[in-house]
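Contents: one structure, followed by commentary.
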């Protein structure tokens with residue numbers, strides 16, 4: 001989900017599909033295109049816990065037009081505020097891999113991560129493209145370029161014993 005899509009989420013955008021027994025978020029993406037983002041149970045629990053921690057109405061009691069996620073002042077996040085909030089949380093987390101990264105981690109990083117994790121779990125690039133709301137495969141290929149380079153390295157095409165005692 002894009003930063004702007006997240007900040008525009010409303011309670012009414014959270015819907016339950018009784019056929020599949022799953023929740024999904026209906027988002028308005030680039031070019032005013034609607035798409036549905038499925039939620040795992042863990043995601044639903046996180047939304048419930050977030051709203052509870054903020055002291056805002058439970059999803060079932062909330063009015064449809066109120067923001068799904070709010071700041072500590074009960075306002076909807078703005079894209080810039082969300083970026084600042086994530087930067088603050090990253091610093092407070094103390095996670096070493098964040099400290100030593102050569103590139104920054106922002107809201108868009110999560111889209112890259114979803115595409116990489118999906119690819120590594122066997123999802124084809126077309127499905128990834130559709131899930132992220134892209135119109136061109138080339139965008140997903142940019143996200144996955146470093147993964148493709150590592151996967152397609154010549155060493156992976158060699159039999160494990162071809163180098164004998166020279167390479168572990």
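Can you confirm whether region 93-102 contains a residue that is surrounded by 14 or more Cβ atoms within 10 Å (Cβ to Cβ) and either in contact (Cβ under 8 Å) with a residue 12 or more places away in the chain or under 19 Å from the mean Cα position of the chain (by Cα) (or both)?
No; the residues of region 93-102 include none that is surrounded by 14 or more Cβ atoms within 10 Å (Cβ to Cβ) and either in contact (Cβ under 8 Å) with a residue 12 or more places away in the chain or under 19 Å from the mean Cα position of the chain (by Cα) (or both).
Can you confirm whether residue 134 is in a loop (DSSP other than H, G, I, E, B) and within 16 Å of the chain's Cα centre (by Cα)?
When the stated conditions are applied, residue 134 passes them.
Check whether at least one residue in region 67-79 is out of contact with any helix residue (DSSP H, G or I) (no Cβ under 6 Å at 6 or more places or on another chain), exposed (fewer than 13 other Cβ atoms within 10 Å of the Cβ) and under 20 Å from residue 33 (Cα atoms), and report yes or no.
No, that holds for no residue.
Mind checking which residues of region 11-63 are part of a loop (DSSP other than H, G, I, E, B) and surrounded by 13 or more Cβ atoms within 10 Å (Cβ to Cβ)?
If the condition is that a residue be part of a loop (DSSP other than H, G, I, E, B) and surrounded by 13 or more Cβ atoms within 10 Å (Cβ to Cβ), then 29, 56, 57, 59, 62 are the ones that fit.
What are the residue pairs meeting all of these: first residue in region 114-133, first residue at positive phi, second residue crowded, with 19+ Cβ neighbours inside 10 Å and in a helix (DSSP H, G or I), Cβ atoms under 9 Å, and 6 or more apart or on different chains?
Pairs found: 133/5.
Every read-out reported here was derived from the displayed coordinates using simple, explicitly stated rules and does not represent laboratory data. Predicted, not measured: the structure shown is a model, and the values here were computed from it. Virtual Cβ from ideal backbone geometry, glycine too; neighbours counted across all protein chains shown.
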